[in-house]
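Participant: Sharing a structure here in structure tokens format.
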Amino acid sequence: MQQTVGRSGGGRPRGRVRDGWPSLLFAVLVIGAFIFAFSPRSLPDFPETQLQAHQLLINGLARVEGRYLAGGAKGRILINDAPPGPWRNAEVGNTEGSPVTRIVPMGGQRVFAVGHNLMVLRSEDAGESWQNVHIDLDTPEPLLDIAQTADGTRLVAIGGFGQYLFSDDGGGTWQRRSVDAFQGSHLNDLLVADSGTMLIAAERGLLLRSRDNGDSWSPLSFDYPGSMFGGAHLGGSAWLVFGMRGHAFLSRDDGDSWEALDTGIEDSLFDGARLDDGRVVLVGAMQTVLVTEPGSWSFTRAIPTKQGTFSTVLPLSGDRVLVGGEPGAHVVDLADGSITPAGGN
């Protein structure tokens, strides 16, 4: 007698295989989809990705052996061989996403960069590749500048809340020091003269000077309570510092005395550079780009735009400068006031 497995409403017998056909069909479809998903097949061609330096926060600019470097957000360092671009990524060691704040050439193909978490990066090939030589993830404070002493025997890095590091072995190892004269202030810019004099521009009206390769620091007499964000050594015993609310000061006696300059603005100034013809360019908040007239300390605004902040400037050729900041990297022509994104387009 034939055994009946199941019965429909009309009593018609139904075999086991026919009763499970929907499940079997579903299993076949799943297996087919799996085989298709993991089977090898050619990928479509995508256009080559191009870095847009005018869309990246840029904190530091440098030129090394004819190559231009830009560092900023997420620990990235970009390279190009002629502004405006194209730019490409440098090979950077693990930065843990710590932003780069400054890039400083040290002669030849050697260049250093500093950033948040007391990060120090070193390159021996003009910025093509970088080694992380110091980082402290338990200390979020940024390093804001790095410089080499005039005799080349020491590297010094400074930063937020009085952070002070030095290296006596070319940047291979670093030591931290606590200096009472820093008063826990943000140390914003480190300047070095050929004579060996070193100057730190800091916050809350604090300027400091060292004449022994940074072993000791003394506050300078300075009649302004606001922060100085940057400075420049102008040669000999002449120095320039600038900062909050457009204030700028000039010293002609190695920092013993200072005279106020009229910049004509109240926007903060963050970086400056000296052009080949002796003029000085200052950049800052509200896309400020100021330039002096030859042989004078009369400032004029080079571009009319007033958005974002420029935090770094690098002279190019003639009247052109490369600027970086919140709006990314741009080329500014000081002669006609034009500004062009340096994004590689």
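Please treat every number below as a calculation from the coordinates, not as lab data. These numbers were taken from a predicted model, which means no experiment stands behind them. In this analysis, Cβ positions are derived from the backbone assuming ideal geometry, glycine residues included, and neighbour counts consider all displayed protein chains.
Participant: Compute the FRET efficiency between Arg245 and Thr305 as 1/(1 + (r/R0)^6), taking r as their Cβ-Cβ distance and R0 = 22 Å, and round to the nearest 0.05.
Facilitator: On the way: r = 20 Å, r/R0 = 0.90.
The computed FRET efficiency comes out at 0.65.
Participant: Something else now. Run the simple label-point estimate for Thr173 and Asp138 please: 7 Å along Cα→C-beta, distance reported in nm.
Facilitator: 1.9
Participant: Per the Debye formula with a single identical scatterer at each Cα and no solvent contribution, what log10 I(q)/I(0) holds for segment 56-341 at q = 0.07, 0.09 Å⁻¹?
Facilitator: Log-scaled intensity ratios, in q order: -0.23, -0.38.
Participant: Starting from the 7 Å offset along Cα-to-Cβ, what nm value, one decimal, do you get for the label separation of Arg252 and Asp276?
Facilitator: 2.8
Participant: What number comes out for the charge environment of Pro304, summing +1 per Lys or Arg and -1 per Asp or Glu over other residues with Cβ under 15 Å away? Numbers along the way, then the final one.
Facilitator: On the way: positive: Arg301, Lys306; negative: Asp267, Asp333, Asp336.
Within the 15 Å Cβ shell, the charges total -1.
Participant: Between segment 193-269 and segment 324-340, how far is it from one alpha carbon centroid to the other, in angstrom?
Facilitator: Here the two parts' Cα centres lie 26 Å apart.
Participant: Provide the gained length on full extension for the span Ser298 to Ala181, in nm with one decimal, where the gain is 0.36 nm per separating residue minus the Cα-Cα distance.
Facilitator: Here the segment from Ser298 to Ala181 would lengthen by 38.7 nm.
Participant: Let me ask something else about it. How far apart, in nm, are two points set 7 Å out from the Cα along the Cα-to-Cβ line at Thr153 and at Ala82?
Facilitator: 4.4
Participant: With a sphere of radius 13 Å drawn around the Cβ of Val331, what net charge do the other residues whose Cβ falls strictly inside it have (Lys, Arg +1; Asp, Glu -1)?
Facilitator: Local charge sum for Val331: -2.
Participant: I've got another one for you. What is segment 56-341's relative contact order, in percent, from Cα pairs under 8 angstrom and six or more apart in sequence?
Facilitator: Numbers: 833 pairs, mean separation 30.7, N = 286.
So the answer I get is 11 percent.
Participant: Which length gain, in nm to one decimal place, applies between Glu65 and Glu128 when the Cα-Cα distance is subtracted from 0.36 nm times their residue separation?
Facilitator: Details: separation 63, 0.36 × 63 = 22.68 nm, distance 1.14 nm.
Going from the current span to full extension adds 21.5 nm.
Participant: What is the gain in length, in nm to one decimal, between Glu259 and Glu91 on full extension, counting 0.36 nm per residue of separation less the C-alpha to C-alpha distance? Could you put the intermediate results ahead of the total?
Facilitator: Details: separation 168, 0.36 × 168 = 60.48 nm, distance 4.44 nm.
Here the answer is 56.0 nm.
Participant: Might you report the magnitude of the Cβ-based charge dipole of segment 56-341 about its Cα centre, with Lys and Arg at +1 and Asp and Glu at -1, to the nearest 20 debye? Don't jump to the answer; show the numbers that get you there.
Facilitator: Values: 21 positive and 36 negative charges, 91 e Å.
Once rounded to the nearest 20, the dipole reads 440 debye.
Participant: To continue, here is another question. With point charges of +1 on the Cβ of Lys and Arg and -1 on the Cβ of Asp and Glu, referenced to the Cα centre of segment 56-341, which listed residue (His247, Asn213, Leu199) lies farthest in the positive direction of the dipole?
Facilitator: His247
Participant: I've got another one for you. Around Leu206, what is the net charge, scoring Lys/Arg as +1 and Asp/Glu as -1 over all other residues with Cβ under 14 Å from its Cβ?
Facilitator: Details: positive: Arg204, Arg209; negative: Asp180, Asp189, Glu203, Asp223.
Once positives and negatives cancel, what remains is -2.
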